[in-house]
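Inspection log for the structure reproduced underneath, given as structure tokens.
The values are calculated or read from the model by the stated rules, or taken from the named source; none is laboratory data. Predicted model only: the values in this text are computed from it and were never measured. Using ideal geometry, Cβ is built from the backbone for each residue, glycine included, and neighbour counts are taken over all protein chains shown.
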Amino acid sequence: MPSVLIAGAIASPAAAISLKPIGLFGDPIFDEGAAEIAAYDDVSQQLFITNADANTVDVVSIVDPSNPLLVKKIELDPFGGGVNSVAFSNGILAVAVENDNAQENGTVALFNAAGDDIKQFTVGALPDMLTFTPDGNKLLVANEGEPSDDYTVDPEGSVSIIDLLTDTVKTAGFTQFNNALLDDSIRIFGPGATVAQDLEPEYITVTPDGKTAYVALQENNALGILDIEQGIFTDLVGLGYKDHSLAGNGLDASDRDDAINITTYPVLGMFQPDAIASFEVDGEVYVITANEGDAREYEFENAAGEDEISFAEEERVKDLDLDPTAFPNANELQEDENLGRLTVTTTQGDVDGDGDFDQLYAFGTRSISIFDDKGNLVWDSGDALEKITADLLPEDAFNSTNDESDSFDSRSDAKGPEPEGVTVGVVNGRIYAFVGLERVGGVVTYDVTDPTAPVFVDYVNPRDFSVEFDEDNLEDFPLAGDLGPEGLLFIDGGSNTTGSPLVVVTNEISGTTRIYKVEEDAASVPEPATAAGLIAIAALGLRTLRRQSAQ
């Protein structure tokens, strides 16, 4: 993930921006990952889009971004069992391909811009997100190392560092932390797993100087800090927890109350970011995170041909025994219309080991956050994302899911709008973050030029919530528009024919790729919020609970 550098003093607000849809690529293919991640070559002006449905990279010309055209498909069957991610730099396209056996080492295949095969490298188990250093000389690959479905094989997670000048691969793992004292908010909980096995690199961002990488360890609620030159992780940073009982940190926790009800509850949120990006202001590096959240659940077919769960951590609050001292109003809290439907982890929360739960930990924080270069929380959007979508979408669309219509409120018991993808870019000297909301859909834009006080700017969602469809009735699904934004890509205005910046969004459920033009409104200045002081509300009452027992 490219990083962004702003030198000198923070620029003063000059213009608000908005995203205007101008182009669309792909025939809608329902829920097969036909468009997940995109990369861009500013010389050929081509997008490279992963297509898991066909196990290809689709090469798409956007010389005219309003009319994207398929140039070719790069077939990946010869390289492994499935495409996971792409990156492009200095004329080289890098593609991460997992092994047919996902627990064995995967492949990174390199191509030129024409799609011709150059060479391959063997990397760790389940290579996913990959990114070049700013000079293009090194390529970093997040090897998730997920366990087998029956949890009998659990590869170590790692990051492979491919030196393109010497054609060598160095792998940075986590064995040095196996016996280390870790921050209590770092979740190590896989059955029988060592720290090195349990950590699962999800996403990487590299600092502008190319020396340091920050690696999201989503399930583990942590960031790894990687010294790229040495090829060593120098630190693991627990991200702590978000206190949803504090004003400004509310959430809608029920899918059974037939209402929008964003309020506070005695729940701690695990940040668990998916995509992350970095930017620099006045010499200081910041990392912005999309706090999607993720739970582990593995199911396999046993010898009798029956489905059997090997590991599952998720449970509803109403099905737990709550400690009467910690939750004196447990009966009321556990009603469906309150906290009862919310899904939480069962791997932590029994602080005193007596069999009931003294604390509740929810997956994700329904927010975006900014951390400094040491992993300290600088800012969080609080409950703004749910409030923005509640305010700007049709009333019956709040916390909808992405694979069926008429699903109002259906994600409130899980992870809400589910921020997943994030990218950053500079427009007229100001830094903007663009965040995809995986479930309800759309892109939220924040001005993050001042990392301590980001400003909500825009929300656009091209989904048509009136179109009726579900997995059993897909006849009209293509008319519903974009579903399940997965990856986001910022293209500078000087790198495309429009002269304006573009934001490219790949939508996993609809299998379509949307191209937005960034338009400026020179007459306006970003306001603190667009929906009744949302950002001011979001900034209140936020704290991270560190060094708190995860048991």
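With segment 479-551 as the region, which strands (runs of 3 or more DSSP E) entirely inside it contain at least 3 residues that are among the β-branched types (Val, Ile, Thr) and either at pLDDT 50 or above or under 21 Å from the mean Cα position of the chain (by Cα) (or both)? Before you say what the answer is, go through the steps one by one.
Working: elements: 485-491, 502-507, 512-521.
Fully inside segment 479-551 and qualifying: 502-507, 512-521.
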task: Please list, ordered by first then second residue, the pairs with beta carbon atoms under 6 Å, 6 or more apart or interchain, first in segment 39-65 and in contact (Cβ under 8 Å) with a residue 40 or more places away in the chain, second of a type in the set (Gly, Ala, Ser) and outside any loop (DSSP other than H, G, I, E, B).
output: Ala39/Ala87; Asp42/Ser495; Gln46/Ser61; Leu47/Ala38; Phe48/Ala39; Ile49/Ala38; Pro65/Gly23
field: Considering residues of segment 359-412 that are of a type in the set (Ser, Thr, Tyr) and within 17 Å of the chain's Cα centre (by Cα) only, the residue farthest from Thr234 (Cα to Cα)
entry: Thr401
query: Since Asp350 meets every condition but one in (1) closer than 26 Å to Phe30 by Cβ; (2) in a loop (DSSP other than H, G, I, E, B); (3) in contact (Cβ under 8 Å) with a residue 24 or more places away in the chain, which condition does it not meet?
result: (1)
query: Looking only at segment 28-81, which residues are of a type outside the set (S, T, N, Q), assigned to a loop (DSSP other than H, G, I, E, B) and farther than 25 Å from Asp476 by Cβ?
result: Ile37, Asp42, Val43, Ile62, Val63, Asp64, Pro65, Leu76, Gly80, Gly81
message: Out of everything in segment 86-122 that is outside any loop (DSSP other than H, G, I, E, B) and charged (D, E, K, R), what residue ends up being nearest to the chain's Cα centre (by Cα)?
response: Glu98
message: Is it the case, given these coordinates, that Phe434 is assigned to a strand (DSSP E or B) and either closer than 26 Å to Tyr361 by Cα or among the aromatic types (Phe, Trp, Tyr) (or both)?
response: yes
query: If the Cβ limit is 9 Å and pairs must be 6+ apart or interchain, which residue in segment 362-384 that is of a type outside the set (D, E, K, R) and surrounded by fewer than 19 Cβ atoms within 10 Å (Cβ to Cβ) pairs with which residue that is outside any strand (DSSP E or B) and at pLDDT 95 or above?
result: Leu377/Leu239; Leu377/Gly240; Leu377/Phe271; Val378/Pro451; Val378/Thr452
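Please find, among Phe490, Phe465, the residue that is over 18 Å from Tyr40 (Cα atoms), hydrophobic (A, V, I, L, M, F, W, C) and out of contact with any Lys or Arg (no Cβ under 8 Å at 6 or more places or on another chain). Don't jump to the end; show me each part of the working.
Values: Phe490 fails: over 18 Å from Tyr40 (Cα atoms).
When all the criteria are applied, what remains is Phe465.
Among the residues of segment 258-289, how many are among the charged types (D, E, K, R) and farther than 20 Å from Glu418 by Cα?
Within segment 258-289, the first condition is being among the charged types (D, E, K, R), and the residues that meet it are 258, 274, 280, 282, 284.
Still in the list and also farther than 20 Å from Glu418 by Cα: 280, 282, 284.
Matching residues across segment 258-289 total 3.
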Segment 69-80, residues that are farther than 18 Å from Thr506 by Cα and either of a type in the set (S, T, N, Q) or buried (at least 18 other Cβ atoms within 10 Å of the Cβ) (or both): Leu76, Phe79, Gly80
query: Only one of these conditions is not met by Gln230: (1) closer than 25 Å to Ala193 by Cα; (2) without any contact (Cβ under 8 Å) to a residue 12 or more places away in the chain. Which number is it?
result: (1)
field: Cross-chain or 6+ apart pairs with Cβ under 6 Å, segment 332-347 first and within 19 Å of Thr365 (Cα to Cα) and in contact (Cβ under 8 Å) with a residue 24 or more places away in the chain, then outside any strand (DSSP E or B) and of a type in the set (Gly, Ala, Ser)
entry: Leu339/Ala253; Arg341/Ser254; Leu342/Ala253; Thr343/Ala414
task: For residues that are β-branched (Val, Ile, Thr) and surrounded by fewer than 24 Cβ atoms within 10 Å (Cβ to Cβ), scanning just segment 458-502, find the one that is farthest from Ile62 (Cα to Cα).
output: Val467
query: Between residues in segment 259-286 that are touching a residue at least 24 places away in the same chain (Cβ under 8 Å) and residues that are assigned to a loop (DSSP other than H, G, I, E, B) and of a type in the set (Lys, Arg), which pairs lie under 9 Å by C-beta distance while being six or more apart or on different chains?
result: Gly269/Arg366; Met270/Arg187; Gln272/Arg187
- prompt: Within segment 49-68, can one find any residue that is out of contact with any strand residue (DSSP E or B) (no Cβ under 9 Å at 6 or more places or on another chain), among the aliphatic types (A, V, I, L, M), under 24 Å from Asn112 (Cβ atoms) and surrounded by fewer than 20 Cβ atoms within 10 Å (Cβ to Cβ)?
  reply: no
- prompt: Would a scan of segment 331-344 turn up a residue that is under 16 Å from Met270 (Cβ atoms) and of a type in the set (Lys, Arg)?
  reply: no
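Quick grid of which residues meet (1) at pLDDT below 95; (2) surrounded by fewer than 23 Cβ atoms within 10 Å (Cβ to Cβ); (3) in contact with a Phe, Trp or Tyr (Cβ under 9 Å, 6 or more places away or on another chain):
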position: Val83; (1), (2), (3): no, no, no
position: Ala87; (1), (2), (3): no, no, yes
position: Gly91; (1), (2), (3): no, yes, no
position: Ala102; (1), (2), (3): no, yes, no
position: Val108; (1), (2), (3): no, no, yes
position: Ala113; (1), (2), (3): no, yes, yes
